[in-house]
1. Within segment 225-256, work out how many residues are of a type in the set (D, E, K, R), in contact with a helix residue (DSSP H, G or I) (Cβ under 8 Å, 6 or more places away or on another chain), over 15 Å from L276 (Cα atoms) and assigned to a helix (DSSP H, G or I).
2. Checking A259 against (1) over 21 Å from the mean Cα position of the chain (by Cα); (2) among the aliphatic types (A, V, I, L, M); (3) in a helix (DSSP H, G or I); (4) within 14 Å of L200 (Cβ to Cβ), which test does it fail?
3. Tally up the residues in segment 14-40 that are over 16 Å from S73 (Cα atoms) and either outside any helix (DSSP H, G or I) or of a type in the set (S, T, Y) (or both), please.
4. Checking V266 against (1) under 21 Å from F224 (Cα atoms); (2) modelled with pLDDT of 95 or more; (3) hydrophobic (A, V, I, L, M, F, W, C), only one condition comes out false. Which one?
5. Mind checking which pairs have a first residue in segment 57-70 that is in the same structural domain as L38 (by TED's automatic domain parsing) and in contact (Cβ under 8 Å) with a residue 12 or more places away in the chain and a second that is part of a strand (DSSP E or B) and of a type in the set (D, E, K, R), Cβ under 6 Å, 6 or more apart or different chains?
6. Give just the number: which of (1) part of a helix (DSSP H, G or I); (2) buried (at least 19 other Cβ atoms within 10 Å of the Cβ) does V301 not satisfy?
7. Has segment 247-260 got at least one residue that is at pLDDT below 95 and polar (S, T, N, Q)?
8. Of the residues Q263, Q288, which is among the polar types (S, T, N, Q), free of Cβ contacts under 8 Å to residues at least 60 places away in the same chain and not assigned by TED's automatic domain parsing to the domain that holds M102?
Amino acid sequence: MQLDAIALVGPTASGKTAAALVLAQHMPIEIISMDSALVYRGMDIGTAKPSADELAQVPHHLIDIRDPLQAYSAAEFERDARGLIQAIHARGKLPVLVGGTMLYFKALQQGLDDLPRAQPELRAEIQAQADQLGWPALHAQLAQVDAITAARLAPHDAQRISRALEVWRISGKSLSQWFEEAAKQRGTAAQMLHIPVVSLEPQQRAWLHERIALRFDAMLAQGFLQEMHHLRDRSDLTPDLPSMRCVGYRQAWEILDEAHATQRPVEQLLPKLRELGVAATRQLAKRQLTWLRSMPERHIVACDAAQGSQHVLKQVQTLIAAFL
């Protein structure tokens, strides 16, 4: 039985990048990013993208592969990741999937190829309803027909709420039911790809909350708002694009809109941006942890323990040894 890859997952700000770099210092690996925000070029600060020095330490894949005007789907990730896993093994290295976009991991393990194709007319109809009622109301509608999917989505996650409702209205089957049936048809994850999951999770939620706040402060100090200005200055990006709905970017767009509408200096709104950005990031982390808890096969490493990255290394070494 071959070890196809290792997945290093966890909520945002749990230290996945640092742990992956420790792995690279001790074994021949290549990193496959499993983060839906890191695919976008020009979105470096607000996504906490690995620095140029970090990227140079070990080969990284699926970073900076799309313009913010373009979309990148879970099905595309599945296709790309499968190809990369084969290519990395051919180079005699171990693929390590690193990130917190768990829908990508689900796509890789279970596949999404059979989902109904998007219907622009229906999508426009859903958008019109959202404009009238608000996305929380549509989130409530989704909860009535697909409680499992609704539970892992935020009430303002327009893109994913829209897609889940679209799938339901096209097929009469919930998105979670599609996933379940796909898993049965294609076999279990263990039968398809052997990818043990190492999950960085905090013992104390307050530790993660502090990390989130400190990281958002660091982003602001590094010029996150300037990055946002550059993106808006392009004039072809809109707040409805998947790239601009990424956590942090959506809140920054709203603040810049407010500054323009009220003619207030944006500096006066920085405390509000910080509050909104930190709150949204905490909600993202909460959803990620909820998803992770649905994976009982994962190997948990306490990210708030002393020398957490070293514990990740030992866990990965143990997993590799089990496949030898």
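1. 1
2. The number of the failed condition is (4).
3. 8
4. (2)
5. Hits for this filter: P59/E30.
6. It is condition (1) that V301 fails.
7. no
8. After ruling out the rest, the residue left standing is Q263.
The values are calculated or read from the model by the stated rules, or taken from the named source; none is laboratory data. What you see is a predicted model; the values in this text were computed from it and never measured. Cβ: placed from backbone, ideal geometry, glycine included. Neighbour counts: every protein chain shown.
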